[in-house]
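Here is the structure we will look at.
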Amino acid sequence: ASIKLAVVVGSNRKDSINRKLANALVKLAGDRVEVSLVKIDDLPMYNMDLEGNRPDAVNRFTAEVAACDAVLLVTPEHNRSIPAVLKNAIDWGSKPMDKNVWKGKATAITGTSPGAIGTAVGQQHLRQIMGILGGLVMGGEAYIAFKPDLISDDGSIAIDDTRAFLQAYIDNFINVAEKLSA
Ligand code: FNR
């Protein structure tokens, strides 16, 4: 695999539908990427007082993202924005400014929710945040309205149209990431 991909799920819920979607996307990516599933649920709330002596979980998180070429964010929408747990992780990764782990990385944003517009508004906020941090956010859109039959027991996308759409989406992202890291 030529690309190291950090996959960050914006949910700390055990049965997260976004984690299921992320795992299905990893399957679609296949062996073109080396995947790092980066945990965020153990990060303390950002506090500038902790700078200078960052908690181990924070150092583990930033090291894992920094080691990757590209970032795939798969997030729920909370109140038409991104969940606080994801914003918290992004904030840790953004500081100190000269070690901002998001800068210059190929970045793809997607997400799912049971709602009809499948996280579209939350993704828009996230696109803005990642752009400000210097992430090279891929164009295009992937708003996934979650249905119970979307993902099969083996963890793959069970609806043909959606699988084809997401295959093209992930293939395009890997192409972009390869170009940017060439
Ligand atoms: C939600 N949910 C939600 N869904 C949506 O489509 N738009 C929204 O703005 C919100 N807002 C929202 C706020 C809060 C505080 C919660 C807890 C939930 C519902 C959300 O999509 C649903 O809980 C998903 O299952 C969350 O994804 P995970 O955690 O399963 O990946």
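The rows are residues; the columns are (1) surrounded by 15 or more Cβ atoms within 10 Å (Cβ to Cβ); (2) closer than 25 Å to V121 by Cβ; (3) of a type in the set (V, I, T); (4) without any contact (Cβ under 8 Å) to a residue 40 or more places away in the chain.
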| site | (1), (2), (3), (4) |
| --- | --- |
| G52 | no, no, no, yes |
| P55 | no, no, no, yes |
| F61 | yes, no, no, yes |
| C68 | yes, no, no, no |
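Note on segment 70-90: among residues that are in a helix (DSSP H, G or I) and touching a helix residue (DSSP H, G or I) at 6+ places or on another chain (Cβ under 7 Å), the one that is surrounded by the most Cβ atoms within 10 Å (Cβ to Cβ) is A89.
Scanning segment 58-78 for residues that are closer than 21 Å to E178 by Cβ and in contact with a strand residue (DSSP E or B) (Cβ under 8 Å, 6 or more places away or on another chain) turns up E64, V65, A67, C68, D69, A70, V71, L72, L73, V74. Taken over segment 111-137, the criterion of being part of a loop (DSSP other than H, G, I, E, B), surrounded by 22 or more Cβ atoms within 10 Å (Cβ to Cβ) and either aliphatic (A, V, I, L, M) or touching a residue at least 60 places away in the same chain (Cβ under 8 Å) (or both) is satisfied by G135 alone. The set of residues in segment 25-51 that are under 13 Å from the mean Cα position of the chain (by Cα) and within 16 Å of the ligand (Cβ to nearest atom) comprises L25, V26, L37, V38, K39, I40. For segment 56-108, the set of residues classified as within 16 Å of the ligand (Cβ to nearest atom) and among the aliphatic types (A, V, I, L, M) consists of L72, L73, V74, I82, A84, V85, L86, A89, listed by residue number. When A168, A108 are screened for being among the hydrophobic types (A, V, I, L, M, F, W, C), loosely packed, with under 14 Cβ neighbours inside 10 Å and either under 16 Å from the mean Cα position of the chain (by Cα) or not in a loop (DSSP other than H, G, I, E, B) (or both), only A168 passes.
Per the listing E178, E141, the residue uniquely in a helix (DSSP H, G or I) and either aromatic (F, W, Y) or surrounded by fewer than 21 Cβ atoms within 10 Å (Cβ to Cβ) (or both) is E178. Give segment 129-159 a look and list any residue that's under 17 Å from the mean Cα position of the chain (by Cα) and among the charged types (D, E, K, R), or say none. Listed by number, the list holds a single entry, E141.
Confirm whether N172 is touching a Ser or Thr at 6+ places or on another chain (Cβ under 6 Å), free of Cβ contacts under 8 Å to residues at least 40 places away in the same chain and over 19 Å from S16 (Cα atoms). When the stated conditions are applied, N172 does not pass them.
A short reminder: the numbers here are calculations on the coordinates, not readings from a lab. Here the structure is a predicted model, which is why all the values come from computation and not from measurement. Cβ atoms come from the backbone with ideal geometry, glycine included; neighbour counts cover every protein chain shown.
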